[in-house]
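J.: After the structure tokens below, expect a handful of questions from me.
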Amino acid sequence: MSNKDEDLNTVETLLNEGRDFEVIPILNKLKEKRTFNLSEEVFLSSLLIRIADWENTVKIAEQAYKKAQKVKYSPQIIQALLNQAYGLIRIGNLEESSKLLEKSEVVFKELTNNPSAKLEELKAYQAYIKGTHLFFLGNKEETLNYYKKSLELRKRIGNKRLIAESFLGLSNFYRLLEMDFEKAFNYANKCLEIGEEIHDQRLKASAHFNLGSIYYFKGELEKGLSYYKFPLEYFEKINDTYSYLGIMNNLALIYRAKGELDTAIGLLDKCIKLSENSKNNWMLVGYNVGMVELSLDKGELEKAKEHSERVKELLDIEKTPYINRDYNYTQALILKKSPRVQNRAKAENLLRTLIQDDDTVFEIKIEGLIHLCDLLIDELKITSEMEIIKEIKPLIRQLLLLTEKSKSYWYYTQTYVLQAKLSLLTLDIKNARKLLTKAQYIAQNYGFDPLVKIISREHDNLLQKLDIWEKIKDSESPLTDRLKLTNLDEQITLMIQKRRVEVPEVIEEEPIMILVISEAGIPTFSKLFAESFLVEDELISSFLAAFNTFSGELFSEGLERASFGNYTLIMKPIVNFLVCYLFKGQSYSAQKRIEKFIEEIERNKEVLDKFNEYRTTNRMIKLENLPKLNSLIKHIFLNE
């Protein structure tokens, strides 16, 4: 900008120094007192984007576009169009933003013969905005293509702030569309690093928001809370209502997951008041639905009814099928709490209608299915009619399909745990164990480490109670005894309230023996850790004699662990071998060790080659012949 645009230059300087809060009063005065020319208006709309003032971005960019039309095919036309399109996307007007993006394409075609650095920057900007537009439409493939294109172009240009913005877009993509938390985390951290380096407060706040959301999804609630503090204060001070409300809503979810319902209600109540001021009925509906759920969690039926009626009032204003479905959902939840059979039947009918409606959003379908299962489980407790389990099973299959399709992996994992507990009710113990193994694998695969610990404890507890379950199976004990033993009520309540239960303390196991067996069933390596085990000749002899039989049976059934007297055995495959670890205690840290052991063997060519050499000659490896293996074992299993 030239010297005559000193005020706008001052604003840019302050933003570059991270002094965002000082910018707002200056811009407010400028908007009231100044009339801007084309160049100033384009520049101003870009500055407004940097403080997330989306309504004024659209307004100023639209004014600039009208002026720029007189200067045919100018880059300023493209900048004004793109700024306006971006602002519209952020306030939810995707249809109008799409039209503006199409117009920008036309102008770009006319300017292809006039390449310049500015035009390259605008192409990168257009790619980013297209990616963001497609992100909100849920078009995964094209979203990723455009975000990657914007990053590539911006790296070529070398503008750090714009590079960080593209990192943020990729973080959002992997966090929300792909649910790949590792990639989302890495891109958010890259954005944060640049944001801190160049003192860009909005980029830092947005990166913190993403990191907080990632930790929430993974179940690490305290970490999630710690990352929300800065963006909450930042977005409130710059008056970015949409981002502020997004964080408040996420905080309410975290406190609900922690069981701190009063705090969650206070946050949603504030969201409702702010949404009423902004007259955003769509957001108001969502917050009131959340309040119905929280009120019912607390047992405050009358308060839940009040918020359901508020949804009905908003339905009368908007008259859309989407809000109608939300209203029916809240009514079903309220009727479900009634002790009267007629009301519970009405709740069941409403829920079945919602889950069968193709236009019902995934979230309501998923929660509707869980509530249906809850109704049927209540009926099962009252009647002990085993036929009811046959009604629940197809609902769980549908729940698994929906949660996988919508990438709701926390629900997906918990549904397998629910299915495992139902298998215990029908005394299919082996299937229950298979399902817990699968649930733990999914939780581990998607980075839900707290959930991995909880499911691992569930499986350990089941192994410890196998004798009890076998006795129940033989004696055909009543269903009430099985229901108590499975804690089925606790599991379904956890899913309804989206609770993250307290993560169990991890106590390291006591290593007993590591055994590596070839695919032919012949031991290639063994290492005893516990001297006490040596005197139990009968136990170790029976273990080795029975191993081939039960290991084959376990693996054919999709299991990887077994109880063996007072010990637990975990088995993991590696190319040409089966690695077996016998230990005492909890299995969570034991699994981590055996996975690390396999990873190190696969990575170390000398060790792997030695294993294969001894396998082909049916010999046993001795540690003195392979010092690297000895070092690995001491480090991984003995913490030396």
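The values are calculated or read from the model by the stated rules, or taken from the named source; none is laboratory data. Nothing here was measured: the structure is a model prediction, and the numbers come from that model. When we count neighbours, we look across all protein chains shown, and the Cβ atoms used for this are built from the backbone with ideal geometry, even at glycine.
J.: Kindly indicate whether any position in segment 351-372 is free of Cβ contacts under 8 Å to residues at least 60 places away in the same chain, surrounded by fewer than 16 Cβ atoms within 10 Å (Cβ to Cβ), under 25 Å from Asp481 (Cα atoms) and charged (D, E, K, R).
T.: no
J.: If you scan segment 373-410, which residues turn out to be farther than 29 Å from Val341 by Cβ and in contact (Cβ under 8 Å) with a residue 24 or more places away in the chain?
T.: Listed by number, the residues that qualify are Thr403, Lys405, Ser406, Lys407, Ser408, Tyr409, Trp410.
J.: Looking only at segment 24-62, which residues are within 19 Å of Leu122 (Cα to Cα) and over 41 Å from the mean Cα position of the chain (by Cα)?
T.: Once the filter is applied, which keeps residues that are within 19 Å of Leu122 (Cα to Cα) and over 41 Å from the mean Cα position of the chain (by Cα), segment 24-62 yields Leu38, Ser39, Glu40.
J.: A further question on this structure: Within segment 10-30, restricting attention to residues that are in a loop (DSSP other than H, G, I, E, B) and in contact (Cβ under 8 Å) with a residue 24 or more places away in the chain, which residue is surrounded by the most Cβ atoms within 10 Å (Cβ to Cβ)?
T.: Gly18
J.: Specify which of the listed residues (Asn630, Asn618, Asn639) is surrounded by 14 or more Cβ atoms within 10 Å (Cβ to Cβ) and outside any strand (DSSP E or B).
T.: None of the other options fit; the residue is Asn630.
J.: Given the structure, is Ile317 part of a helix (DSSP H, G or I) and in contact with a Phe, Trp or Tyr (Cβ under 7 Å, 6 or more places away or on another chain)?
T.: no
J.: Moving on to the next point. Sort out which residues of segment 128-143 are among the aliphatic types (A, V, I, L, M) and at pLDDT 95 or above, and write them in order of number.
T.: Ile129
J.: Would you please name the residue that is surrounded by the most Cβ atoms within 10 Å (Cβ to Cβ), looking only at residues in segment 458-504 that are among the polar types (S, T, N, Q) and under 24 Å from the mean Cα position of the chain (by Cα)?
T.: The qualifying residue surrounded by the most Cβ atoms within 10 Å (Cβ to Cβ) is Gln491.
J.: Among the listed residues Ser171, Ser213, which satisfies the condition of being in a helix (DSSP H, G or I), modelled with pLDDT of 95 or more and polar (S, T, N, Q)?
T.: From the options Ser171, Ser213, the qualifying one is Ser171.
J.: Suppose we filter Ile254, Ile247 for residues that are in contact with a Pro (Cβ under 8 Å, 6 or more places away or on another chain), over 24 Å from Gln331 (Cα atoms), part of a helix (DSSP H, G or I) and aliphatic (A, V, I, L, M); which single one remains?
T.: Result: Ile247 is the single residue among Ile254, Ile247 that is in contact with a Pro (Cβ under 8 Å, 6 or more places away or on another chain), over 24 Å from Gln331 (Cα atoms), part of a helix (DSSP H, G or I) and aliphatic (A, V, I, L, M).
J.: Go through (1) outside the structural domain of Gln79 (by TED's automatic domain parsing); (2) crowded, with 18+ Cβ neighbours inside 10 Å; (3) among the small types (Gly, Ala, Ser) for Ser97 and report which single condition fails.
T.: Only one criterion in (1) outside the structural domain of Gln79 (by TED's automatic domain parsing); (2) crowded, with 18+ Cβ neighbours inside 10 Å; (3) among the small types (Gly, Ala, Ser) is unmet by Ser97, namely (1).
J.: Could you tell me how many of the residues in segment 297-349 are surrounded by fewer than 18 Cβ atoms within 10 Å (Cβ to Cβ) and hydroxyl-bearing (Ser, Thr, Tyr)?
T.: 3
J.: Name the single residue that is surrounded by the most Cβ atoms within 10 Å (Cβ to Cβ) among those in segment 31-56 being aromatic (Phe, Trp, Tyr) and more than 15 Å from Ile91 (Cα to Cα).
T.: It comes out as Phe43.
J.: Same structure again: Of all residues in segment 343-390, how many are within 17 Å of Asp489 (Cα to Cα), of a type in the set (D, E, K, R) and part of a helix (DSSP H, G or I)?
T.: Final tally of qualifying residues: 5.
J.: Okay, moving on. It is to be established whether one or more residues within segment 179-191 are more than 26 Å from Tyr412 (Cα to Cα), of a type in the set (Phe, Trp, Tyr) and out of contact with any Leu (no Cβ under 8 Å at 6 or more places or on another chain).
T.: No; the residues of segment 179-191 include none that is more than 26 Å from Tyr412 (Cα to Cα), of a type in the set (Phe, Trp, Tyr) and out of contact with any Leu (no Cβ under 8 Å at 6 or more places or on another chain).
J.: Could we say that Gln79 is free of Cβ contacts under 8 Å to residues at least 40 places away in the same chain and under 26 Å from Lys31 (Cβ atoms) here?
T.: Here the answer is no, as Gln79 does not meet what is asked.
J.: Taking the residues in segment 415-433 that are more than 12 Å from Leu462 (Cβ to Cβ) and aliphatic (A, V, I, L, M) as candidates, determine which candidate is surrounded by the fewest Cβ atoms within 10 Å (Cβ to Cβ).
T.: Leu427
J.: I need a count of the residues in segment 413-429 that are part of a helix (DSSP H, G or I) and either not assigned by TED's automatic domain parsing to the domain that holds Asp481 or not hydrophobic (A, V, I, L, M, F, W, C) (or both).
T.: Number of matching residues: 7.
J.: Still on this structure: Being in contact (Cβ under 8 Å) with a residue 40 or more places away in the chain and either touching a strand residue (DSSP E or B) at 6+ places or on another chain (Cβ under 9 Å) or of a type in the set (Ser, Thr, Tyr) (or both) narrows it down to one of Tyr174, Tyr125, Tyr187, Tyr147, so name that one.
T.: Tyr125
J.: Can I ask one more? For segment 232-249, state whether one or more residues are more than 28 Å from Leu47 (Cβ to Cβ) and free of Cβ contacts under 8 Å to residues at least 12 places away in the same chain.
T.: No, the conditions are met nowhere in segment 232-249.
J.: Which condition does Val506 not pass, out of (1) part of a helix (DSSP H, G or I); (2) in contact (Cβ under 8 Å) with a residue 24 or more places away in the chain; (3) in contact with a Ser or Thr (Cβ under 8 Å, 6 or more places away or on another chain), if it passes all the others?
T.: The failed condition is (1).
J.: Of these, Glu142, Glu152, which one is outside the structural domain of Ala80 (by TED's automatic domain parsing) and more than 29 Å from His199 (Cβ to Cβ)?
T.: Glu142
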